[in-house]
Amino acid sequence: MKRIRPILISLAVLSAAAAETFLSPCDIDLSNDRKNLHITAATANQILTFDLRTRKVMPGIPLPGQPTGLTLNAAGTTWYVTGGGHEGRVWQVQAGSITAEFKTGHTPTAPVLSPDGGTLYVCNQFDNDVSFIDTASGKTRARVPAIREPNAAGLTPDGKTLFVANLLPDGRADADYVAAKITAIDTLTQTTATIPLVNGAEGVRGIKVSPDGRFVFATHRIARYLVPTTQLERGWISTDAVSIIRVSDRKLIYTVLLDDIDQGFTNPWAIDFSNDGKTLIITSAGNHEISLIDYRAMMERVAGAASDTGGMESSNLSFLSGIRERIKLEGNGPRSIEVDGEFIYVANCYSDTLEVVRRQPDGKIKRGSFALGPAPAMTQERLGEIYFNDAALCFQNWLSCATCHPDARTDGLNWDLLNDGIGNPKNAKSMLLTHATPRAMWLGVRDDAETGVRAGLKHIQFSVRPDEDAQAIDAYLKSLTPVPSPYLVDGQLSAAAQRGKALFEGMSCASCHPAPLYTNLELIDVGTTKGQDTGKPVDVPSLIEAWRTAPYLHDGRAATIHDVLKSQDHAGILKNTQSLTDQERNDLAEYILSL
């Protein structure tokens, strides 16, 4: 643990900082005395405090890096803030100042405290593990493996089991079952169990243990990736859901659809319970609304349905009819909620607002919205990011660009988009560097990314939008920058990666994947296409952030880079790598994964 001199900030400095940047509130926590809300402002690198009595933003706390989440100890005197991106930090805050700094993994998020306050659990999203940190010393006691991009966590009331949401599926994509999973960690033994979600589950953003500790709820999307994208009606290619896991045997018992027949509940995110445990509350980050669900009524329906389906998901888009109220919000991008009595506080990421929803005793709903800071001038990049995540652009709000490209990367699935035929699905690509590496799509059917953006709005979202919308999305995608690889050591290539670099440059790898983009921008037949695509050349992908874009090849048949380098099914690629020893192949993979 690094002890540091307390950092102080004046209101004038805070106001100046707020005026210069967007805030992007991503987490919200109620103070123990219930007088304030502490709001994690991601892109402003600070924690804001909202006074619930005066309804004003108070002087906040600046941070050395971008924060991702916050939790408080039982007394409310110590805060733990995760952030720092690839440098991985937890900042301890006391009396309004940072008093200590703990080192953790790559892109830490979702901090959770043990009941006794002695252990802080932190999801290291890009290290694919969870840190167990001793709060007294700041030292990491253990790093427990998760699966792929752990980004949310919930602890049972007895502190015995930590349930962790893995954002994306792992494994190859050319299969009949591809889905994200929940990792259950025994906090005493640090052993893990894997709980598979329903087929197509991905984008797992929220997780919550029920107040009685009997069930765990996880919000996610269900991708209908086995069908061609011919329509959107009735959730044909995408639905949104909450999965219910029984804690006692760590078993998925049912998955409830959150959409209606003619409107999606796009990109479900935050989840919480009312204080009396009677209402389950879920936000739709893509459709800018919350759902208030009668918890007891839902579980009664689940009990009957689960026995009939054996734990599979409901295909009934009216499952919640009569027991759920959808409330449209004024703000954009609700990604965090906090409940206090009849008040529901919502942090809207893209409108930089705090929204208050109040369900009165007579059942009527009242709402209010508060700006968290001065509104900076809108930029094309910010507007494009808003559009990219906004289901309002889509027919019946079934999906947004971010539905298949979470964080503008890949969802790890294959999609039959019809732009190069039907029955020949391709793996979803990351949007990083797409505008710098034309052509677009795996078979190069779009001249460039600009064409691809416009085609996506028209043929995937089934909407006709002014070109200004697409121009803004272009600007956002062009602004994306690579995240440093978790395979780097102190920002540098490891010894193995350095050996792999020599192999990469000494073989013919660099002829197709030359620096700095690590693609020659060509279409090349390397013998990997099959079926109706047999013999067709495919786009040479950039290898930048290859560590993040599994599975590999145009149809996602390679689960890992190692599979790409050694599988007999990879034809022309194998010709260049089959003479390598296992050590050389490992070194080459280490280098590619370090880019």
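The values are calculated or read from the model by the stated rules, or taken from the named source; none is laboratory data. Computed from a predicted structure; not experimentally measured. For neighbour counting, all protein chains shown are included, and Cβ atoms are generated from backbone atoms with ideal geometry for every residue, glycine included. Side chains included, ligands, DNA and RNA excluded: accessible areas come from the protein's heavy atoms. Shrake-Rupley method; radii C 1.70, N 1.55, O 1.52, S 1.80 Å.
Quick notes on this one:
- Condition broken by LEU488, with the remaining ones in (1) touching a Ser or Thr at 6+ places or on another chain (Cβ under 9 Å); (2) crowded, with 19+ Cβ neighbours inside 10 Å; (3) not acidic (Asp, Glu) satisfied: (2)
- Options GLY60, GLY69: the member that is closer than 16 Å to ILE28 by Cα, surrounded by 21 or more Cβ atoms within 10 Å (Cβ to Cβ) and under 22 Å from the mean Cα position of the chain (by Cα): GLY69
- For first residues located in the range 272-283 and at positive phi, partners that are part of a strand (DSSP E or B) and lie 6+ apart or on another chain with Cβ distances below 8 Å do not occur.
- Qualifying positions in the range 80-128 - assigned to a strand (DSSP E or B), open to solvent by 30 Å² or more (accessible area, probe 1.4 Å) and either farther than 16 Å from GLY65 by Cα or among the hydrophobic types (A, V, I, L, M, F, W, C) (or both): GLN94
- Residue in the range 214-235 that is open to solvent by 10 Å² or more (accessible area, probe 1.4 Å) and within 25 Å of PHE102 (Cα to Cα) present: no
- Residue check, GLY203 touching an Asp or Glu at 6+ places or on another chain (Cβ under 8 Å), over 23 Å from PRO406 (Cα atoms), in contact (Cβ under 8 Å) with a residue 60 or more places away in the chain and not aromatic (Phe, Trp, Tyr): no
- Some residue of the range 450-465 being open to solvent by 20 Å² or more (accessible area, probe 1.4 Å) and touching a Gly at 6+ places or on another chain (Cβ under 7 Å): no
- Filtering the range 61-111 to residues that are in contact with a His (Cβ under 7 Å, 6 or more places away or on another chain) and touching a residue at least 60 places away in the same chain (Cβ under 8 Å) leaves HIS86, HIS106, THR107.
- Residue in the range 416-427 that is touching a helix residue (DSSP H, G or I) at 6+ places or on another chain (Cβ under 8 Å) and at pLDDT 95 or above present: no
- The range 176-276 holds strands (runs of 3 or more DSSP E) entirely within its bounds, and those carrying 1 or more residues that are more than 26 Å from PHE462 (Cα to Cα) and within 16 Å of the chain's Cα centre (by Cα) map to 181-186, 201-209, 215-223, 268-273.
- For the range 78-93, filtering for residues that are over 16 Å from PHE132 (Cα atoms) and either among the charged types (D, E, K, R) or modelled with pLDDT under 95 (or both) leaves 1.
- Count of the range 286-298 residues, restricted to those that are under 20 Å from ASN348 (Cβ atoms) and open to solvent by 10 Å² or more (accessible area, probe 1.4 Å), is 1.
- The residue list THR403, THR379 contains one member that is open to solvent by less than 20 Å² (accessible area, probe 1.4 Å), among the hydroxyl-bearing types (Ser, Thr, Tyr) and closer than 29 Å to GLU450 by Cα, which is THR403.
One line per residue, one yes/no per condition, for (1) surrounded by 17 or more Cβ atoms within 10 Å (Cβ to Cβ); (2) not in a helix (DSSP H, G or I):
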{"residue": "GLU338", "(1), (2)": "yes, yes"}
{"residue": "SER351", "(1), (2)": "yes, yes"}
{"residue": "PRO361", "(1), (2)": "no, yes"}
{"residue": "GLY368", "(1), (2)": "no, yes"}
{"residue": "ILE386", "(1), (2)": "yes, no"}
{"residue": "LEU399", "(1), (2)": "yes, yes"}
{"residue": "ASP407", "(1), (2)": "yes, no"}
{"residue": "LEU417", "(1), (2)": "yes, yes"}
{"residue": "GLY423", "(1), (2)": "no, yes"}
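- Test: THR40 is at pLDDT 95 or above, open to solvent by 20 Å² or more (accessible area, probe 1.4 Å) and either in a strand (DSSP E or B) or under 17 Å from ALA375 (Cα atoms) (or both): no
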